[in-house]
Amino acid sequence: MTNTIRIKKRASGGASGAPSSLAPSELAYSEVDNILSYGFGDAGGGAASSVISIAGSGAFATLTSNQTISGDKTFTGTVDLSGATLSGNTTFGNNLIVTGDLTVSGTTTTVNSTQVDVADKNITLGNVSTPTDTTADGGGISLKGATDKSFNWIDATDSWTSSEHLDLASGKAYYINGTSVLNATTLGSGVTASSLTSVGTLTTGTWSASTIAVNKGGTGATTLTGILKGNGTSAFSVATAGTDYLSNASTVDGGTF
């Protein structure tokens, strides 16, 4: 003869919630909530001290079915989420340490930290599947202020462009290909061509460029020996003795009357 043990139940059409009371060690299953309840303790008079949930997908996590779990949960040890996907918004209230790689595939990444430290000494921007100068156009760094302070790559000029002044510290200089071209007081020795239209007072130096024309304040000549002779706007020339001036062999004739 087969023995059958039955426990209390609430059918699926009944009200939700645990039994209001159970006898000590009595079991009751709610088909509405899928929770197995147990009469815990003995309060006397045939009543349990309390009713607790001991099984059922409505009260405990299952291995395979879809569930919504609420309330605070504390985990110790290792929680393996490999192959799992976190959907919806997720908030971590404490520190989050990622020992592997972190991949963010969204459209916007917002960091509200007061300090960001990166051990990598090279930061790559614009790392798209097929990078070109067109995809790099406008890329760079922008600092928010009353107006944006930006340092960007501009494809049209093929150059990095700053929206602000660059103020080098004392003793520093601008370099091109390892050679100093300009510091606070001196042009680099390699700067030999320029389009300067005016300069300050020159106190030292040697003129080694082309001949300075007379109308520019020069002589217009490359070499001269002797007494100089002006020729209007033409180059200075050497004066001719006896013609342009009296030589030591010249005769002064007073003439007749």
Selected residue (only one of T62, T90, T132 is closer than 30 Å to A156 by Cα and either touching a residue at least 60 places away in the same chain (Cβ under 8 Å) or of a type in the set (S, T, Y) (or both)): T132
Selection from segment 36-83 of residues that are in contact with an Asp or Glu (Cβ under 9 Å, 6 or more places away or on another chain) and aromatic (F, W, Y): Y38
What number of residues within segment 43-81 satisfy the criterion of being exposed (fewer than 10 other Cβ atoms within 10 Å of the Cβ) and either modelled with pLDDT of 90 or more or basic (K, R) (or both)? 5
As an exercise: evaluate V98 against (1) over 30 Å from N112 (Cβ atoms); (2) assigned to a loop (DSSP other than H, G, I, E, B); (3) not small (G, A, S) and give the number of the one condition it does not meet. (1)
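Give segment 7-32 a look and list any residue that's in a strand (DSSP E or B) and under 60 Å from the mean Cα position of the chain (by Cα), or say none.
As a first pass, look at segment 7-32 and keep what is in a strand (DSSP E or B): 8-10, 27-30.
Of everything in segment 7-32, those that are in a strand (DSSP E or B) and under 60 Å from the mean Cα position of the chain (by Cα) turn out to be Y29, S30.
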When segment 227-257 is examined, which residues are found to be closer than 21 Å to W207 by Cβ and in a loop (DSSP other than H, G, I, E, B)? T233
Within the bounds of segment 33-42, is there any residue that is over 30 Å from L102 (Cα atoms), at pLDDT 90 or above, in contact with a Pro (Cβ under 8 Å, 6 or more places away or on another chain) and outside any strand (DSSP E or B)? yes
Would you confirm whether or not segment 184-205 contains a residue that is within 30 Å of L143 (Cα to Cα) and among the hydrophobic types (A, V, I, L, M, F, W, C)? yes
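The values are calculated or read from the model by the stated rules, or taken from the named source; none is laboratory data. Given the structure is predicted, the values throughout are model-derived calculations rather than measurements. Glycine gets a Cβ as well: all are built from the backbone with ideal geometry, and neighbour counts include every protein chain shown.
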